[in-house]
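A.B. asks: If you scroll down you'll find the structure; I have some questions about it.
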Amino acid sequence: MTIPGYGTEGNTYHEGADGWIPDTVPARQDGHEGHEIVSGLNLMAKLSLQLGKKVDQTANAVQSLQRRLYSAPIRYNPVASAPPTTFQGTAGSFFMVLGSPDQGTFWEVNSLSAGFADWASDDSNSIIANDVFVCITGSADPVSIPTSSIAWHEASTYDGTAGQTVVGLPIGNTFGSNQLVIKDNETLIVIIVGASSYANKTGVASARVTVYDDVLGADDVVITA
């Protein structure tokens, strides 16, 4: 049996629950309006897929560049000054707070110096101090700084007259990798203790540090007991 409008003559059809069902459905021919629409939709889908891949590739490249940029170390030079004060009962002391790293970063100290604000005051032949301390601590309060926070100590010259070790000012020192590391919850402090001449003087400390990202720039794990 042949139903008008379905297939070509000779095709057979069967009556089912939903009406007449053809054995085969003739394929649409090229040039048919429906074929052109389908071809256009396929082309748009293909272009959208390719464009999406390119967008993903570009986004990944930008993220990779950002990671490398954020992990690149930065040079920074913190400087601090302070008037004379009394530190732990010793007059003629200078308590200089160089600051803390930004959150999510840490400092690695490359070099450090301490002395007075001008060369006339920084006369190593006449200005001496009992000690110079570099401290890394969670507190910037001189009363609450424990001795365990001392990261470096300079008192290398023996004064035979006074019978004690002293240090001539100014002083300077360089440090190796991972020798002095300051986390973002810590503060770098330099203390000149007991200068022999301190009236009307200003203590100055400066450091050269490398700033690293705490996650991307970290290359080791330090465990303290």
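Each reported figure results from applying straightforward, stated rules to the coordinates on display, with no laboratory input. From a predicted model like this one, the values you see are computed outputs, not experimental measurements. FYI the Cβ positions are ideal-geometry reconstructions off the backbone, even for glycines, and counts take in every protein chain you see.
A.B. asks: How high is the FRET efficiency from Ser148 to Ser81, r the C-beta distance, R0 30 Å, rounded to 0.05? Walk me through the numbers before you get to the answer.
C.D. replies: Numbers: r = 26 Å, r/R0 = 0.87.
So, using R0 = 30 Å, E works out to roughly 0.70.
A.B. asks: Report the FRET efficiency, 1/(1 + (r/R0)^6), for Arg208 and Asn178, where r is their Cβ-Cβ distance and R0 is 25 Å, rounded to 0.05.
C.D. replies: The formula returns an efficiency of 0.95 here.
A.B. asks: Over all alpha-carbon pairs of the stretch 74-213, lay out the pair-distance distribution in 10 Å bins, whole %, shortest bin first.
C.D. replies: Histogram of Cα-Cα distances, whole percents per bin: 12, 44, 33, 10, 1.
A.B. asks: Kindly rank 75-88, 96-109, 47-60 from highest to lowest mean number of other beta carbons found within 10 Å of each residue.
C.D. replies: 96-109, 75-88, 47-60
A.B. asks: Rounded to the nearest 0.05, what FRET efficiency do Ser139 and Ser197 have when you use their Cβ-Cβ distance and R0 = 22 Å?
C.D. replies: 0.15
A.B. asks: Could I ask something else about it? Treat every Asp and Glu Cβ in the stretch 74-213 as -1 and every Lys and Arg Cβ as +1, leave all other atoms uncharged, and give the resulting dipole magnitude about the Cα centre to the nearest 20 debye.
C.D. replies: On the way: 4 positive and 12 negative charges, 10 e Å.
Taking the Cα centre of the stretch 74-213 as origin, the dipole is about 40 debye.
A.B. asks: Which ³J(HN,Hα) values in Hz, rounded to whole numbers, follow from the phi angles of the stretch 135-144 under the Karplus curve 6.51 cos²θ - 1.76 cosθ + 1.60, where θ = phi - 60° and Gly and Pro get x?
C.D. replies: In residue order, the calculated couplings are 10, 10, 8, x, 10, 9, 8, x, 6, 9 Hz.
A.B. asks: Across the stretch 52-63, in residue order, what do the Karplus-derived ³J(HN,Hα) couplings come to in whole Hz, using 6.51 cos²θ - 1.76 cosθ + 1.60 with θ = phi - 60° and x for Gly and Pro?
C.D. replies: Result, rounded to whole Hz: x, 5, 5, 4, 5, 5, 5, 4, 5, 5, 5, 4.
A.B. asks: For the stretch 74-213, what is the relative contact order in percent, using Cα pairs closer than 8 Å and at least 6 residues apart in sequence?
C.D. replies: The normalised contact order for the stretch 74-213 reaches 48 percent.
A.B. asks: Whose amide H sits under 5 Å from the amide H of Ser197, counting only residues 5 or more places off or on another chain, with H placed in the peptide plane?
C.D. replies: Distant-sequence amide H within range of Ser197: Ile128.
A.B. asks: Quick check: from the Cα gyration tensor, does the stretch 164-206 come out rounded (a/c under 1.5), prolate or oblate?
C.D. replies: The shape class here is prolate.
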